[in-house]
């Protein structure tokens, strides 16, 4: 094997290693983004339920006042 071939193989290995790390980094970022999106959805859902509960309580209080 000539040194040029050896150098090419080493270069190819390094490129593959770098690309593998890039893909892993991108996948990790996508997972973090997905987790963040899910957290936002959960927060919105919780706030929606809280507002609905408050509205329901107000309606019940109003009904009680009307009965009195």
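Any read-out appearing in this document is the output of simple, stated calculations on the displayed coordinates, not a laboratory observation. Keep in mind it's a predicted model, so treat the numbers as computed, not measured.
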C-alpha long axis of helix 3-67 to longest principal axis of the chain, angle in °: 0
message: Using the Kirkwood formula on the Cα atoms of the chain, what hydrodynamic radius do you get, in angstrom to one decimal?
response: 17.3
